[in-house]
Amino acid sequence: MTAPDQEILPASLADRLTDEQRQAVAEAPREKRLETLAAALSRPEPEVLENLAAAAGLTVASNLETDPDARGLLPARLVHEYQIIPIKFGPPPVDGATTPPPHTVPLHLATAWLPDALMADWLRTFTPRPLVWHLAVPERVHQLIIENFGVGAGSLDDGDDSYIAPEAQKQEEEVVDEDAAVVRFVTDVISQAIADQATDIHFEPQEGALRIRYRVDGLLVPVPLPENLLRFQDAIISRLKIMARMNISEKRLPQDGRINFKAAGIVLDIRVSTVPTIYAESISLRLLNQKKEAYTMDRLGMSPDEQAQIVSILDYPHGIILVTGPTGSGKSTSLNAFLRKINSTDLRIITIEDPIEYEVPGVNQMQVRPEIGLTFADALRHVLRQDPDVIMVGEIRDKDTAEIAIRASLTGHLVFSTLHTNDAPGAITRLVDMGIEPFLVASAIELVIAQRLVRRLCVECSRPAPVNKIKLRENLAILGADPAEAELIEMLKAPVGCDRCRGTGYRGRVGIFEIFRLNDEMHELVLKRESTRVLSECARKNGMRTLGQSGWEKIKLGYTSFDEVLRVVTMTEG
């Protein structure tokens, strides 16, 4: 079975598309063509992959394993360009059997899209072995390429001078120098981070190595890298600093900057920070405004009951609504969802943010600039002269900001903001500890929402699994749920791992929430300066569901696993 000389699509599938849809498939990158075709046909990707393979006379390869013996046959640039990977296929060789000549052993290749004559021609220049093609899930092919060759290996590959990528051939007299290679590599690293839905990228110089890590779904993930990366370390750091408009000659002091990243139809705002370390400057990138997606309260993972509690307060003409949690727990995303819920032509909404993470149509959004004296507190003072109905303050960091926000709420404004506390009742004691009078706190605060993000089980591969009753009772006790519920549970969904979730068992995140609303009894406790523990006990007695209990509800619904909820809840509440 060799590579067929065919058009982009077999006729049986091409005839089902309009001219515009065929054009869209042809123009999409190879790794995105299956997704584009599935969307055009309005069918699931796995079904379309099977149909595509059948129409082309190819097999679909699953549970892919790379063939280490064949890895060195193909240059990284060609593998990245065509999204192909050598794989193991068929039974292992029998012990004692005669070994055939290497050039007669078929080379099995998994590809994200149908092979064409040009691909086959290029491959024949590097190996005489017969080619056997298999279609595979594009995400899995891409993942194996990254694992075996490294992110950006195609950009930094200097061992395949005979191969020139098609886009390079189109550019007359292109000079492929080291600077161009580094530019492409940095673009590849950022583009891969976006594809992996990472929130941060860390470039960390180590002894004899440059380590790059992504933060994906809240966890740090090492990035597989080309073997020759260290040679380009200084150039990569300089490239990032140039993109962020930093002083590249200053290597002794920390610097901050921003990158407006544009590539392959992606527009991204990136916040950049450098700090000097013993080997070189460490650079962190925070990726913002990814696709500028508007999150609704449903999409955040709020239950109808939780939404009802919050919406009833959003209609108030004044008061403070606080969202609490550690860095990266989705506080800004929740505030953005609340703003979109109440946004209307008869409300003047002004936000003070650092940075502006989501653009909200019709809302006046302000970026703080501490370097020129525009702090949260200073901006808030000026905003109050702008006749706002609703004010969103990105974060209450000090007594000054807290006092102005509380006085704004008491003078007829609805104020949204965030605090760094472990649970919802802790926000009350945090404000009192800042020096705010308890009677002001009790009068102003209408609602406090503590939240965490837990990884969502992959919908493709998660499967029900029998539970261990003893361990389940122990876990329920840790989460503050009723251990007696363990007797009613026989099965819970568990992570498995597949090509779609890259073997992790999880894909995306969902929120868990603790909603704290003050009543008369709690007002009295606040005035008496009672501890967070006393406030929490009173709130639970009055029906507040804790983060652990909210997590248990998500586990029962099959959204996440015990391991995930225990990781985020016990890590911060211990």
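The values are calculated or read from the model by the stated rules, or taken from the named source; none is laboratory data. In this text, all values refer to a predicted model and were calculated from it rather than measured experimentally. Note that we place each Cβ from the backbone using ideal geometry, even for glycine, and neighbour counts take in every protein chain shown. Side chains are part of the model used for accessible areas, which takes the heavy atoms of the whole protein and leaves out ligands, DNA and RNA. Shrake-Rupley method; radii C 1.70, N 1.55, O 1.52, S 1.80 Å.
At-a-glance table
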quantity	calculated
Lone cysteines, the chain (no partner Cβ under 4.7 Å)	CYS538
Estimated dipole of the chain in Debye, rounded to 20 [Cβ of Lys and Arg +1, of Asp and Glu -1, Cα centre]	1140
Accessible surface of the stretch 415-574, 1.4 Å probe, proportion on carbon and sulfur as whole %	49
Zero-based 5 Å bins, Cα pair distances in the stretch 417-497, whole percents	3, 12, 14, 14, 12, 11, 11, 10, 8, 5, 1
Share, in percent, of DSSP beta bridges within the chain that are antiparallel, nearest 5	65
Positive-end residue, the chain charge dipole about Cα centroid, Cβ charges, pick of THR127, LEU225, LEU114	LEU225
For the chain, calculated [θ]222 nm from helices alone, where every DSSP H run of n ≥ 4 adds -39500 (n - 2.57)	-10500 deg cm²/dmol
Whether the stretch 348-399 is rounded, prolate or oblate, judged on the alpha carbon gyration tensor where a/c under 1.5 counts as rounded	oblate
Solvent exposure, largest accessible area first (probe 1.4 Å, DNA, RNA and ligands not counted), of ARG369, ARG213	ARG369, ARG213
Positive-end extreme of charge dipole, the stretch 407-525 - chosen from ALA444, GLY426, ALA481 (charges on Cβ)	ALA481
Signed unit charges on C-beta, dipole axis of the chain, positive-most listed residue ALA181, ILE470, SER191	ILE470
Between the stretch 305-343 and the stretch 345-418, the alpha-carbon center distance in angstrom	15
Taking N as its residue count, the alpha carbon Rg of the chain over 2.2 N^0.38 Å	1.13
Projected area, mean over directions - the stretch 362-505, Cα convex hull, nm²	14.0
Proximal aspartates and glutamates to LYS88, defined as alpha-carbon separation beneath 12 angstrom and excluding residues fewer than eight positions away on the same chain	GLU65, ASP67, ASP69
